[in-house]
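**Student:** Encoded as structure tokens, here's the structure I'll be asking about.
The values are calculated or read from the model by the stated rules, or taken from the named source; none is laboratory data. None of the values given here were measured: they were computed from a predicted structure. Here the Cβ positions follow ideal geometry from the backbone for every residue, glycine too, while neighbour counts run over all protein chains shown.
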Amino acid sequence: MNKVLFLAHLRDEAGEESVQLDLAGKTVADVKAIVAESYGLQKLDSAMTAINEEFASNEEVIKEGDVIAFIPPVSGG
Amino acid sequence: MSNRYSRQTLFPPIGKEGQEKIRSKHVLMIGAGALGSGNAEVLTRAGVGKLTIIDRDYVEASNLQRQQLYTENDVAEKLPKAAAAEKRLKAINSDVEIQAIIGDATPEKLEELADEVDLIIDATDNFETRMAINDISQKYEIPWIYGACVASYGMSFTVIPGKTPCLNCLLKTIPIQGMTCDTGGIIGPTVQMVVAHQTAEALKILVEDWDALRSAFVSFDVWRNDYTTMKMSRAKDPGCLSCGEHPEYPYLSAENRTKTTVLCGRDTVQIRPPHNEGVDLKEMAGKLKALGYEVKGNPYLLSAELEENRFVLFQDGRALIHGTKDMAQAKSLYSRLLG
């Protein structure tokens, strides 16, 4: 299983702080599509992804037990 | 005031030598809103040699809750933020040379300024300018510090050309319709926390304590008590067009830029964003209504009106800002609402 964390306004949109999903073998891009679909998230495309607190590209493959976090960049200043 | 900086020079990583370095440096601040106010005040008090501040906006009542350099007087006089900031900063520390530029931080303007600055601090409210800052930073080898905030959520990252990944490595493209302070709200402590992270990094850079820099991307939520760091050791993209092996600095070129046109005789400015990713008009209508806008629309466009602000937004992100011929003012409204 994998823990998926939602940060900032993604948490409000998903209605959850984190979810448990079985994602081993999938790429970050796959996970974005699955999670966006399941939790009604619109802006995951532009969110950055961390796997085990390390920046991950869309091509990276998830391993069993990895913790995935979606970090949406914000523009306010 | 010979002991003016004594508490700072007593701090061993700065010391007298560090203070002299701070004194010899020129910082460019892009934006004089909440982050710009906070960053500028810290660096001015710390005794930086010269601070150039560029901003296209003027002070409004809704700024006062968090933009620490401004007063009710500035609102009454509708002072440009750069001018009001200059006045206040000079009163705080007359040692510091303050250069205020009232206008748009276009890539041309940034290139003009780049030659003589040691550090760029991002205090802007949109990713188009940030990507231009990012390219300027790479092209002229100037460090820059990204900072942004909305609601109770803030983030920061330090870009050192030749060492760290850059913003283009992380984002790949300009994220459209990010939440902004005008749509998601913002509280003072979020601003202060981002400012604290940016200015700590700024001081390290100014005293050239490179090993002390934070290499991780930090983000936090001061209301929900989250603090997350993301390590960046695998983030640098060798094919990045901004910092990779064959840089093209795409955000300094004309096709990646918002096209702004004054429509003659109509008292209207048209704004066309560079990437046609589309806007969710229904969601935008909801946000605008929450802000008090009167919103009408159809599947192709929405029109919104609040006091002197009147505009039409099309599904492809293009907007007509009515009641003005001022491009900077129109772009400012657009950025505040659409990021």
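**Student:** Would you mention how many residues in region B:17-41 are closer than 16 Å to residue B:99 by Cα, β-branched (Val, Ile, Thr) and more than 13 Å from chain A (Cβ to nearest Cβ)?
**Tutor:** Residues in region B:17-41 being closer than 16 Å to residue B:99 by Cα, β-branched (Val, Ile, Thr) and more than 13 Å from chain A (Cβ to nearest Cβ): 1 in total.
**Student:** Okay, moving on. Looking only at region A:18-72, how many residues end up being of a type in the set (Ser, Thr, Tyr) and either buried (at least 18 other Cβ atoms within 10 Å of the Cβ) or under 18 Å from residue B:168 (Cα atoms) (or both)?
**Tutor:** Qualifying residue count for the region: 3.
**Student:** Select from region B:312-326 the residues that are closer than 17 Å to residue B:56 by Cα and buried (at least 18 other Cβ atoms within 10 Å of the Cβ) and write down the one among them that is nearest to the other protein chains (Cβ to nearest Cβ).
**Tutor:** B:321
**Student:** May I pose another question? What do you reckon, is residue B:229 on the phi < 0 side of the Ramachandran plot, in contact with a strand residue (DSSP E or B) (Cβ under 7 Å, 6 or more places away or on another chain) and away from chain A (no Cβ under 14 Å)?
**Tutor:** It is false that residue B:229 is on the phi < 0 side of the Ramachandran plot, in contact with a strand residue (DSSP E or B) (Cβ under 7 Å, 6 or more places away or on another chain) and away from chain A (no Cβ under 14 Å).
**Student:** Counting only residues that are over 22 Å from residue B:127 (Cβ atoms) and either aliphatic (A, V, I, L, M) or touching a Pro at 6+ places or on another chain (Cβ under 7 Å) (or both), which one in region B:274-301 is surrounded by the fewest Cβ atoms within 10 Å (Cβ to Cβ)?
**Tutor:** Among those that are over 22 Å from residue B:127 (Cβ atoms) and either aliphatic (A, V, I, L, M) or touching a Pro at 6+ places or on another chain (Cβ under 7 Å) (or both), it is B:290.
**Student:** Something else: Name every residue in region A:1-36 that is in a helix (DSSP H, G or I), touching a helix residue (DSSP H, G or I) at 6+ places or on another chain (Cβ under 9 Å) and within 9 Å of chain B (Cβ to nearest Cβ), in order of residue number.
**Tutor:** Result: A:9, single match.
**Student:** Within region B:66-168, considering only helices (runs of 4 or more DSSP H) that don't extend past its boundaries, which have at least 1 residues that are of a type outside the set (Asp, Glu) and under 17 Å from residue B:42 (Cβ atoms)?
**Tutor:** Details: elements: B:72-76, B:81-92, B:107-114, B:127-140.
By residue number, B:81-92.
**Student:** Something else now. Considering only residues of region A:37-49 that are touching a Lys or Arg at 6+ places or on another chain (Cβ under 8 Å) and either more than 9 Å from every other protein chain (Cβ to nearest Cβ) or not in a loop (DSSP other than H, G, I, E, B) (or both), which is modelled with the highest pLDDT?
**Tutor:** Among them, the one singled out is A:49.
**Student:** Pull up region B:193-226, narrow it to residues that are more than 9 Å from chain A (Cβ to nearest Cβ), of a type in the set (Gly, Ala, Ser) and not in a loop (DSSP other than H, G, I, E, B), then point me to the one that is surrounded by the fewest Cβ atoms within 10 Å (Cβ to Cβ).
**Tutor:** Selected residue: B:212.
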